[in-house]
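To start, the structure itself, in structure tokens.
The values are calculated or read from the model by the stated rules, or taken from the named source; none is laboratory data. Model, not experiment: these values are computed from the prediction. Here Cβ is always computed from backbone atoms with ideal geometry, including for glycine, and neighbour counts include all displayed protein chains.
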Amino acid sequence: MNFSNTTILPQELPTVENVHFNPLEKAYLQVSRISFGISGVIILIAAALLFYFIKKIQLPVIIFTASAIFIALSIYGWVSIGLSFKLSGYALRDKDILFKRGWFMQKVRIVPLKRIQHVSLQTGPIERKFGLASISIYTAGSDEADFTIRGITMQTAEQIKEWISIQLNGKPQ
Amino acid sequence: MENPSDKYDSWHIPQRQSPAAIIIMLMKTAFNLLKIAWPVLILIFLKKKNDETGSTVMLIVLGFCIVAVIDTILSFWFYRFHIDNNNFILNKGWLHKKALSIPIQNIHAVNLEQSLWQQLFNVTKLTLDSSGSEKMEVKIHALPIKKAELLKQLLLSNSESKIPDTHVINNALVHKLNNADLLKLSLSANHLEAFVILLGLSLNALDDIKRIFSFDEVELIRTYSGKIINQTFFVAGIVFIIVAVVSVITSIIRTILKYYNFNVEDNGNTWKISFGLFTNHQKILPYGKIQILSWRANWLRRKIDFWILHVQSIGHNETKRKQHIQIPVTSLKTILSLVPVYQQSTVVKPGEGLQIEPAYWKRKTLIMGLPITLLLFGILYLWIGIWSITIILFFIYFGWHAYKWYKIFRWHVNEEGLQIYSGMWGRKFTLLTWKKVQQIQLNQNLYQRSHHLATINFITAGGNVELPYIKYDTAKQLADYVLYLVESKNGEWM
């Protein structure tokens, strides 16, 4: 009978701390800021229309307060995107995939390859313009992706997708 | 007993539901329509017969009914299912056609359910639960019982989960609720919830009645102001008592309808749970499908040793969340006898295990309690002036609640999984088995980063378990350890 019961010391385990995270593509910072800018312009137009048509809110106090909030949120969003970009990254290991993002609340997500059900690759119009793509990782029981790695080149995304598929099924998806 | 393989060939031919499905579906549609349109119907019956508006509305309602009948018949006609190449195929819809294909090996539960209507026609409803990540809702409203049992047997025997046929193997009754237990369960239920629902419904009904009768309560109050003001407290008291009594009675009726004849049978690797007075529910739960197991009791139930065992099986979305099973259990001892099907390790006693960091309750009080208090203070100040300062009592209670929660919270890790004991007035035990983990999240906000703390979140196919505010080094070690266990072992996990 073959039976082994080797002692595993905690210090011998591979650690999450020593993982080298690959940074996202620099172009992604531009993509994020352009998307943020577009959202800002849409909100600005909506607010302007609201102030133009509703006479009751055409008061200096309301206009000043709304403008101040808008400017403060815009500055916060702009800075936040930059900080979040610096702290985001992904890593592929033999047996799992890691992704970290966020600066105010930093989240490191780790999914063992064994638990992945499928992966999908997608790219939006702005991302496409910069040659970028995103890859989503799905596990069981959820209709939504567990996490999406954004800000990687199309080539890298395809390579990752193929690598995961090979790890899962031994052949590309 | 009939061998399912004998009938296998017939399942290759697309087939319809039992014709009783038409009546059941129609009843369902009528009930839904009635729920929405009852104020309009009352209005029609109360208005004079020569009223032209009433006739028009009546015609519209009649039109709706005809459309509903046609739609139901067509839906029934185009709703066909069969088995092809180890896939369960379902074709439905006549305007918007839809074809679903579910690999049989992905089906992990087949549920049979009999409501009053189904019992009347001697048919059963069949629903499929699959593990795929796409939305696949299969609901066959009416199938003859024998046929449904046969289909269930066939699907499960071909499923990867290899669920044994619960009719062949002898089931041992492991838990049952008797009438006294039902009464205990209903009396200790959250009557506040029923109270709020009832109050909401009453206000809604009052609103509808006002619209029908063009009733103006402000005018009425003006007319009878003297009398009403004198009796305000008396009337309010009476109304409160009536609503409270009705709430308790509603809770009791709801509980009896839902949990009547509740029993759990065990056949060695599957639980068969059946319950319900008019609607007979039957759930098959293989042990392996349990993702997270927890049991909890509110303050009153804790005193009478009455617990609700919450079984989280696969499914994150809201539709599947409803399939999570709640088992009322009459003692902690009974729960502890059921738990080994999920986790063999001894459940730690209250007070044993590790604590989270005290920063948890301080931060919670500061970040959540303070803004709520300030907001309430602002609102109350406009209403009662300086007396709004008493809201500080709420802040003190909030802080005390968070502190007590932190003091009671315990977590314990062993080779098999994680155990959490928590609660403030009530109590909750949560068990997570490591092999069920499919994602780990290490979260740190700015404060946690500067104080070397972290919140670790273990995500399974049936929900997640969070361990807040532990030392960052401990969180990392725990993540490494769980990843090692999950990644180094091959075994069934879903």
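Below is a table of values for the structure above.
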item	result
Unmet requirement for B:ILE459, which otherwise passes all of (1) within 14 Å of chain A (Cβ to nearest Cβ); (2) buried (at least 18 other Cβ atoms within 10 Å of the Cβ); (3) part of a helix (DSSP H, G or I)	(3)
Checklist (1) touching a Lys or Arg at 6+ places or on another chain (Cβ under 8 Å); (2) away from chain A (no Cβ under 12 Å); (3) under 19 Å from B:PRO358 (Cβ atoms); (4) assigned to a strand (DSSP E or B) applied to B:ALA454, failing item	(2)
In the stretch B:110-124, the residues that are closer than 10 Å to B:GLN282 by Cβ and of a type in the set (S, T, N, Q)	B:ASN111, B:GLN114, B:THR124
Breaking point among (1) farther than 30 Å from B:ILE42 by Cα; (2) of a type in the set (A, V, I, L, M); (3) in a helix (DSSP H, G or I), for B:LEU62	(1)
Verdict on B:LYS35 being assigned to a helix (DSSP H, G or I), modelled with pLDDT under 80 and of a type in the set (D, E, K, R)	yes
In the stretch B:134-149, the residues that are out of contact with any Ser or Thr (no Cβ under 6 Å at 6 or more places or on another chain) and either more than 16 Å from B:ARG16 (Cβ to Cβ) or at pLDDT below 80 (or both)	B:GLU134, B:LYS135, B:GLU137, B:VAL138, B:LYS146, B:GLU149
B:THR373 in contact with a helix residue (DSSP H, G or I) (Cβ under 6 Å, 6 or more places away or on another chain) and free of Cβ contacts under 8 Å to residues at least 40 places away in the same chain	yes
Top-ranked residue of the stretch B:468-494 - restricted to ones that are in a helix (DSSP H, G or I) and over 28 Å from B:LYS289 (Cβ atoms), ranked as farthest from the chain's Cα centre (by Cα)	B:ASP473
The stretch B:231-252, subset within 24 Å of the chain's Cα centre (by Cα) and touching a residue at least 24 places away in the same chain (Cβ under 8 Å), residue surrounded by the most Cβ atoms within 10 Å (Cβ to Cβ)	B:SER251
Options A:GLY77, A:GLY141, A:GLY102, A:GLY131: the member that is over 13 Å from the mean Cα position of the chain (by Cα) and within 14 Å of chain B (Cβ to nearest Cβ)	A:GLY141
Filter result (away from chain A (no Cβ under 12 Å) and not in a strand (DSSP E or B)) within the stretch B:407-449	B:LYS407, B:ILE408, B:PHE409, B:ASN414, B:GLU416, B:GLY423, B:MET424, B:TRP425, B:GLY426
Residue list for the stretch A:144-161, filter: away from chain B (no Cβ under 14 Å) and among the small types (Gly, Ala, Ser)	A:GLY151, A:ALA157
Test: residue in the stretch B:96-113 that is at pLDDT below 80 and assigned to a loop (DSSP other than H, G, I, E, B)	yes
B:VAL465, sole failed condition from (1) buried (at least 20 other Cβ atoms within 10 Å of the Cβ); (2) within 11 Å of chain A (Cβ to nearest Cβ); (3) not hydroxyl-bearing (Ser, Thr, Tyr); (4) not in a helix (DSSP H, G or I)	(2)
B:LEU483 being surrounded by 21 or more Cβ atoms within 10 Å (Cβ to Cβ), farther than 19 Å from B:THR365 by Cβ and more than 14 Å from chain A (Cβ to nearest Cβ)	no
Test: residue in the stretch A:162-171 that is within 12 Å of chain B (Cβ to nearest Cβ) and either in contact with a helix residue (DSSP H, G or I) (Cβ under 9 Å, 6 or more places away or on another chain) or assigned to a strand (DSSP E or B) (or both)	yes
Filter result for B:ILE83 (part of a strand (DSSP E or B), modelled with pLDDT of 85 or more, out of contact with any Pro (no Cβ under 8 Å at 6 or more places or on another chain) and within 30 Å of B:GLU492 (Cα to Cα))	yes
Residue list for the stretch A:105-116, restricted to those being within 7 Å of another protein chain (Cβ to nearest Cβ) and buried (at least 19 other Cβ atoms within 10 Å of the Cβ)	A:GLN106, A:VAL108, A:ARG109, A:ILE110, A:VAL111, A:PRO112, A:ARG115
Qualifying helices (runs of 4 or more DSSP H) (wholly inside the stretch B:286-379; at least 1 residues being within 14 Å of chain A (Cβ to nearest Cβ))	B:318-321, B:359-364
Flag for B:LYS471 being surrounded by fewer than 17 Cβ atoms within 10 Å (Cβ to Cβ) and more than 9 Å from every other protein chain (Cβ to nearest Cβ)	yes
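Results for (1) aromatic (Phe, Trp, Tyr); (2) more than 30 Å from A:ILE137 (Cβ to Cβ), shown as yes or no for each residue.
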| residue | (1), (2) |
| --- | --- |
| B:PHE394 | yes, yes |
| B:HIS401 | no, yes |
| B:LYS404 | no, yes |
| B:LEU418 | no, no |
| B:GLN438 | no, no |
